Amino acid sequence: MQERLFKAALFDLDGVVFDTEPQYTVFWGMICRQYHPEHPGLEHEIKGSTLTQIYDRWFSGPLASERASITARLDDYEQQMHYDYITGFEALVADLHRHGVKTAVVTSSNIPKMESVYRYQPRFKELFDAILTSEDFSRSKPDPDCYLKAAARFNVSPEECIVFEDSFNGLKSGRAAGMRVVGLATTNSAEAIAPYSDIQISDYNGIDTAFLLNFQFSI
């Protein structure tokens with residue numbers, strides 16, 4: 001195997017590490033029905049958007065004053081959420097480590113959200129060599145800033161990284177960073193994310209280091 005092909009695997013969090021997207025759909029469905037009853041199904045349109053993007057697009061002007069209340073409700077909701085790994089994820093990370101590949105979470109989630117994650121999954125931090133949250137970068141996905149910072153953390157080039165993402169913004173961020181991109185069809189369909197990713201998977205069953213090394217990525 002050509003170990004030189006990649007040295008770091010960078011994972012988004014929701015919809016990539018954890019199967020949380022259905023829970024967020026429930027939360028945002030409740031919020032959207034309250035504030036935007038004129039736009040049914042809005043919770044599906046905003047999937048994969050950061051909180052800042054949601055606020056800028058849908059809670060500006062007269063609704064800007066509601067942001068603090070919504071954020072507080074979201075914080076409370078996240079404390080009660082289930083953070084269950086997507087099938088095969090832990091096995092993939094263990095295999096990557098056996099092959100000397102560094103692993104990192106690169107997420108737009110903030111530290112309070114991550115504290116909820118750590119409570120639910122006490123061994124979460126052991127799976128990663130680095131955890132980058134929204135506090136670690138100034139520009140949100142689809143800007144490549146977060147993934148470039150992760151590569152710099154490991155002192156590797158973008159070409160030596162593989163990104164695992166599910167949202168359009170995240171996939172575009174990985175591509176803009178010049179990295180290989182694996183798309184998780186957990187939030188959007190495989191067909192929808194295909195233009196933004198090199199390969200599309202539904203979970204990590206059958207995905208290991210050898211598979212990733214042998215796959216012909218576009219870079």
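The values are calculated or read from the model by the stated rules, or taken from the named source; none is laboratory data. In this text the structure is predicted, and so the values were computed from the model without any measurement. Reconstructed Cβ throughout: ideal geometry from the backbone, glycine too, with neighbour counts over all protein chains shown. Just the protein is used for accessible areas: all its heavy atoms, side chains included, with ligands, DNA and RNA removed. Shrake-Rupley method; radii C 1.70, N 1.55, O 1.52, S 1.80 Å.
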- prompt: How many angstrom separate the Cα center of the range 173-206 from the Cα center of the range 1-63?
  reply: 16 Å
- line: With Met114 itself left out, Lys, Arg at +1 and Asp, Glu at -1 over residues whose Cβ is under 15 Å from its Cβ give -4
task: Sum -39500 (n - 2.57) across every DSSP H segment of at least 4 residues in the chain, then divide by the residue count to get the 222 nm mean residue ellipticity, nearest 500.
output: -11500 deg cm²/dmol
Karplus (6.51, -1.76, 1.60) ³J(HN,Hα), θ = phi - 60°, over the range 69-82, in Hz, Gly and Pro reported as x: 5, 5, 4, 5, 5, 5, 4, 5, 5, 5, 5, 9, 6, 9
- prompt: Per-residue HN-Hα couplings for the range 186-198, Karplus 6.51 cos²θ - 1.76 cosθ + 1.60 at θ = phi - 60°, whole Hz, x for Gly and Pro?
  reply: 9, 9, 10, 5, 4, 5, 5, 8, 4, x, 10, 9, 7
query: How far is helix 145-154 tilted off the main Cα axis of the chain, in degrees rounded to 10, range 0 to 90?
result: 40 degrees
message: Please enumerate, by chain and number, the lysines with C-alpha under 25 Å from the C-alpha of Lys172, excluding those fewer than 8 residues away in the same chain.
response: Lys7, Lys47, Lys102, Lys113, Lys141, Lys149
task: Scan the range 115-219 for trypsin sites (Lys or Arg not before Pro) in coil per DSSP, keeping those whose Cβ has at most 15 other Cβ atoms within 10 Å, and list them by number.
output: Arg123, Arg139
- prompt: So what's the convex hull volume per residue for the Cα atoms of the chain, in Å³?
  reply: 114 Å³
Probe 1.4 Å, accessible area per residue of the chain, Å²: 46 Å²
query: Volume per residue, Å³, of the convex hull around the alpha-carbon atoms of the range 48-172?
result: 114 Å³
Reciprocal of mean inverse Cα separation for the range 15-73 (Kirkwood radius, Å): 12.0 Å
field: Cβ-derived FRET efficiency at R0 30 Å, Ala91 paired with Met30, nearest 0.05
entry: 0.30
- prompt: Given just the C-alpha atoms of the range 154-219, how large is their convex hull per residue in cubic angstrom?
  reply: 89 Å³
